[in-house]
Amino acid sequence: MQPTYLSKRVASLRPSGIRKFFDIAATMKDVISLGIGEPDFATPKPIMEAGKNSLNLGETHYTSNAGKIELRETIAGHLQTTYGITYDPGNEIIVTVGVSEALYLACTAILDPGDEVVIPTPCFVSYQAEVLLAGGVPVEVPSRYENQFAPDPADIKKAITPRTKAILIGYPNNPTGAVASRQILLEVAHIAEENDLVVISDEIYDRLVYGVKHVCFSALADARKRTILLGGFSKDYAMTGWRIGYAAAPAEFIQGLVRVHQYTVMSAPTMAQTAAVEALKVGEPYVQEMLTEYDRRRKLIVTGFNRLGLDTFEPRGAFYAFPRVSKTGMSDEVFAERLLNEEHVAVVPGISFGAGGEGFVRCSYATSYEMIEEALRRIEKFCRRYG
Ligand SMILES: Cc1ncc(COP(=O)(O)O)c(C=O)c1O
């Protein structure tokens, strides 16, 4: 074996299961991808114009490390009006390079080597990796189909040890589309309080919910003081390429996050920060428009899978469905690989998202209605072939 110059920490990271399928799909023609985790919509026009304008006005310099004060003020106003939670834009908000960076900062700022982080899974592929990179130990707590993949507070409680430092949750959830009810989140908040834990709550899909109201974790009684709330623009406003997210938390946390951010990233892209201000100011009708279309596709795909005998619970958030494929007799990985090779439809095996995902596949409906119809036709053919 070749000697490796990589640190043990980096060498131990598993390659993302998602990437492997994208690489195979990229070599094929006529692939319908239900594997994508980003909106198929372009960024709404006024937001785009604001970004261009920023460049025309010569905004080509660094901003303050924590981000433009105008954006932090707008985020604070947004959280206040949407969830009734108050954050001081002066020292309780940091603008980051997407929620990805915010996750990295949060983990790096709070974890010492060996600290455990309890993570309900299946979850976004970065959670375990960010904890490992920060020297921590991810402790996966699988959620269940029977509970519509909501986190189970009793299981979370059982996973807590004297080394536990934090709980990391993400609802609406990638990959399942699950949301967590106020009652469940209150129970999680209670566990955190009893054990003096930090809660990192990734709420990047907060606006993408269907027929339910999103519950902001830090707005729950007493939760604010121990919560690092993460939010973003990538999904709600179709701004993945702009790379803007944020963390909101009590000042001590934000000071820690800013310390790591100033030495690694300096500041998030300036013109994108200006565009993000516009998103919060004028984006609402566009969010509603995209939401209506996602909802139409959500109904199509969920009904379609259930009709084919691939049990799918009704996802109430994000833009993913999570059908059970184990009835076909194939593992999720074999199902995904054969479906891609034989019918040119890309989905992601559930196991890529951690424990509890085995036997399921993630299907994104951030692709057109017509593409989803065609994907369902191909999947039907595929399932018939395998009985
Ligand atoms: C749950 C979740 N959190 C965070 C991210 C990262 O988003 P970004 O870095 O674009 O803000 C993603 C992207 O897929 C996600 O699904």
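In the complete set of protein chains, residue-level accessible area for Arg385 is approximately 120 Å², probe 1.4 angstrom. Annotation: Val258 carries an accessible surface of approximately 30 Å², with a 1.4 Å probe and no ligand, DNA or RNA atoms counted. Excluding ligands, DNA and RNA, the accessible surface per residue across segment 313-387 is 36 Å² with a 1.4 Å probe. Shown is the FRET efficiency for Lys381 and Ala251, computed with R0 = 51 Å from the Cβ-Cβ distance and rounded to the nearest 0.05: 0.35.
The alpha-carbon atoms of segment 296-361, seen along their principal axes, cover 29, 27, 19 angstrom, with the largest extent given first. Accessible area per residue for segment 193-312, computed on protein heavy atoms with a 1.4 Å probe, is 38 Å². Solvent-accessible surface of segment 4-151, taken per residue with a 1.4 Å probe and all protein chains present: 49 Å².
Charged side chains reduced to their Cβ positions (Lys and Arg at +1, Asp and Glu at -1) give the chain a dipole of some 660 debye around its Cα centre. Working value for the chain: equivalent-ellipsoid semi-axes of 32, 25, 21 Å, each the square root of 5 times a Cα gyration tensor eigenvalue, largest first.
Per-peptide packing, taken as the mean over residues of other Cβ atoms within 10 Å, places 47-53, 19-25 in the sequence 47-53, 19-25 from highest down. Got a sec? Which residues in segment 226-261 would a label at Asn195 touch, if it sits 7 Å along Cα→Cβ and we count backbone N under 17 Å? The answer is 226-228.
Rolling a 1.4 Å probe over the protein chains gives Leu13 an accessible area of about 50 Å². Computed from label points 7 Å out along Cα-Cβ, the spacing between Tyr263 and Lys158 is 4.0 nm. Under the simplified labelling scheme, the Lys29-Ser368 pair shows an inter-label distance of 1.9 nm, with each label point 7 Å from Cα along Cα→Cβ. Quick one: which of Lys20/Lys165; Lys52/Lys281; Lys158/Lys299; Lys235/Lys327 span more than 26 angstrom between C-alpha atoms? Result: Lys20/Lys165; Lys158/Lys299; Lys235/Lys327 exceed 26 Å. Note on the chain: with neighbouring protein chains present and a 1.4 Å probe, carbon and sulfur make up 53 percent of its accessible heavy-atom surface.
For segment 247-322, averaging the sequence separation of C-alpha pairs within contact (under 8 Å, six or more residues apart) and dividing by the residue count gives a relative contact order of 16 percent. For segment 164-240, averaging the sequence separation of C-alpha pairs within contact (under 8 Å, six or more residues apart) and dividing by the residue count gives a relative contact order of 33 percent. Return the loop-located chymotrypsin sites (Phe, Trp or Tyr not before Pro) in segment 62-112 (DSSP other than H, G, I, E, B) with at most 15 other Cβ atoms within 10 Å of their own Cβ; answer none if there are none. Within segment 62-112, the qualifying chymotrypsin sites (Phe, Trp or Tyr not before Pro) (loop, at most 15 other Cβ atoms within 10 Å) are Tyr62.
Computed over segment 274-386, the P(r) curve from all C-alpha pair distances, binned at 10 Å from the origin, holds 14, 43, 26, 12, 5, 0 percent per bin. Using Cα atoms only, what is the angle between the long axis of helix 182-195 and the major principal axis of the chain, expressed in degrees (0 to 90) to the nearest 10? Tilt relative to the chain: about 60 degrees.
Using the Stokes-Einstein relation with a Kirkwood hydrodynamic radius computed over Cα pairs, the translational diffusion coefficient of segment 141-236 at 20 °C and a viscosity of 1.002 mPa s comes to 157 µm²/s. Under conditions of 20 °C and 1.002 mPa s, segment 108-185 yields 169 µm² s⁻¹ as its translational diffusion coefficient, taking Rh as the Kirkwood radius over Cα pairs in the Stokes-Einstein equation. Here the extension length gained between Ser181 and Ser64 equals 38.4 nm, from 0.36 nm per residue of separation less the Cα-Cα distance.
Kirkwood radius and radius of gyration were both taken over the C-alpha atoms of segment 206-349, and their ratio Rg/Rh is 1.06. With contacts defined as alpha carbon pairs under 8 Å and 6 or more residues apart, what's the relative contact order of the chain in percent? Worked out over the chain, it gives 25 percent. Beta-bridge orientation, the chain: approximately 40 percent antiparallel, per DSSP, counting only bridges with both partners inside.
For the pair Tyr145 and Asp112, a Förster radius of 51 Å applied to the C-beta separation gives a FRET efficiency near 0.90, rounded to the nearest 0.05. Within segment 176-328, DSSP assigns beta bridges of which about 55% are antiparallel (rounded to the nearest 5).
The values are calculated or read from the model by the stated rules, or taken from the named source; none is laboratory data. Since the structure is predicted, the reported quantities are computational estimates derived from the model, not experimental observations. Positions of Cβ are generated from backbone atoms using ideal geometry, with glycine treated the same way; all protein chains shown enter the neighbour counts. What goes into the accessible areas is simple: the full protein's heavy atoms, side chains included, and nothing from ligands, DNA or RNA. Shrake-Rupley method; radii C 1.70, N 1.55, O 1.52, S 1.80 Å.
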